[in-house]
Amino acid sequence: MIDERKRKVLDLFAEGRKSYKLMDFKKAQQSFAEALRVDPEDGPSKVYYLRCKHYIENPPPEDWDGVFVMTTK
């Protein structure tokens, strides 16, 4: 069974992923930030929060397929 706190994180993460796929990176980042307020150790939300930051500063092309390409190790 999933506790209420984890359920909230999962719901916020799902909202964030939906916005992320629609290239609404500011809205997605807000969802991931809220998930991190609920659970600061949530790894997936941390990763996507940083990806949103990257795409806000460096927007992907219009035909972006949703794949994040790492440029550093």
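Every read-out reported here was derived from the displayed coordinates using simple, explicitly stated rules and does not represent laboratory data. Predicted model only: the values in this text are computed from it and were never measured. Note: ideal-geometry Cβ built from the backbone for every residue, glycine included; neighbour counts use all protein chains shown.
Data table
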{"quantity": "In degrees, nearest ten, helix 4-21 long axis to first principal axis of the chain (Cα)", "calculated": "20"}
{"quantity": "At most 15 other Cβ within 10 Å, DSSP loop - GluC sites (Glu not before Pro), the chain", "calculated": "41, 62"}
{"quantity": "Calculated [θ] (222 nm, deg cm²/dmol) that DSSP helices of n ≥ 4 give over the chain, each run adding -39,500 (n - 2.57)", "calculated": "-21500 deg cm²/dmol"}
{"quantity": "Estimated dipole of the chain in Debye, rounded to 20 [Cβ of Lys and Arg +1, of Asp and Glu -1, Cα centre]", "calculated": "140"}
{"quantity": "The chain: chymotrypsin sites (Phe, Trp or Tyr not before Pro) falling in loop per DSSP and having at most 15 other Cβ within 10 Å", "calculated": "64, 68"}
{"quantity": "Correct choice for percent of Cα pairs over 21 Å apart that was computed from the model, options [x] 26; [y] 40; [z] 30", "calculated": "[x]"}
{"quantity": "Spacing of the two label points (7 Å from each Cα toward its C-beta) at residue 24 and residue 8, in nm", "calculated": "2.2"}
{"quantity": "Environment charge at residue 68 (Cβ cut-off 13 Å; Lys +1, Arg +1, Asp -1, Glu -1)", "calculated": "+3"}
{"quantity": "Nearby lysines by direct alpha-carbon distance to residue 26 (threshold 21 angstrom, same-chain neighbours under 8 apart not counted)", "calculated": "8, 18, 46, 53"}
